[in-house]
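Heads up: the structure comes next, in structure tokens.
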Amino acid sequence: MTANEEDPVYVVVQHKFLKPEAAFPRGQALIDGTGAPEGTRVLQFYPHVEGSAATCLWETESVEDVQRFVDTTLGDSSINVCYEVDAEMAFAESPRGLKQSSASAS
């Protein structure tokens, strides 16, 4: 997004993996941004230790862009619930025990 565009929307996605063996390989495209709508990128990824669920934070232009991208990419391997974050109420601190993303900022 450029400085002339509207402020980004932050979206949380809660994934319930029905087929983790399919979801995780497909999900690599989400992490890499392969086929993502313009202005859409994943910022954080929190998988459950058992691989049954994950929560992600996205920066985007609309909730619908993320919902469509995630649903299309993961297909029948996951149920995905997306919602916009109230940026005025939200807060974040970088946890010491988690690594920084190796993905380049787009």
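Numbers for the structure displayed
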quantity	calculated
Among SER94, SER78, SER62, residue whose mean-square fluctuation peaks in a GNM of the chain (springs only between Cα atoms under 10 Å)	SER94
Trypsin sites (Lys or Arg not before Pro) restricted to DSSP loop in the stretch 47-106 with at most 14 other C-beta within 10 Å	ARG96, LYS99
Virtual spin-label span in nm between GLU84 and GLN100, 7 Å along Cα→Cβ	3.1
Options (1) 0.95; (2) 1.06; (3) 1.11 - which one matches Rg/Rh (Cα atoms, Kirkwood Rh) as calculated here	(1)
Signed unit charges on C-beta, dipole axis of the chain, positive-most listed residue GLY33, CYS82, GLY97	GLY97
The chain, helix-only ellipticity at 222 nm - DSSP H runs n ≥ 4, -39,500 (n - 2.57), divided by all residues, nearest 500	-7500 deg cm²/dmol
On Cα atoms only, tilt of 20-32 relative to the major axis of the chain in degrees	20
Accessible solvent surface per residue of the chain, calculated while the other protein chains remain in place, 1.4 angstrom probe, Å²	70
Degrees between helix 63-74 axis and first principal axis of the chain (Cα, 0 to 90, nearest 10)	30
Carbon + sulfur, % of accessible area of the chain - ligands and nucleic acids excluded, 1.4 Å	52
DSSP-loop GluC sites (Glu not before Pro) across the stretch 41-103, with at most 13 other Cβ within 10 angstrom	GLU50, GLU88, GLU93
Computed label-point distance, nm, for sites LEU18 and GLU50 using a 7 Å Cα→Cβ extension	1.9
Rounded D (µm²/s) - the stretch 24-80, Kirkwood Rh over Cα pairs, Stokes-Einstein at 10 °C, 1.306 mPa s	137
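The values are calculated or read from the model by the stated rules, or taken from the named source; none is laboratory data. Quantities reported herein were computed from a predicted structural model and do not represent experimental measurements. For neighbour counting, all protein chains shown are included, and Cβ atoms are generated from backbone atoms with ideal geometry for every residue, glycine included. Note: areas computed on protein heavy atoms with side chains; ligands, DNA, RNA excluded. Shrake-Rupley method; radii C 1.70, N 1.55, O 1.52, S 1.80 Å.
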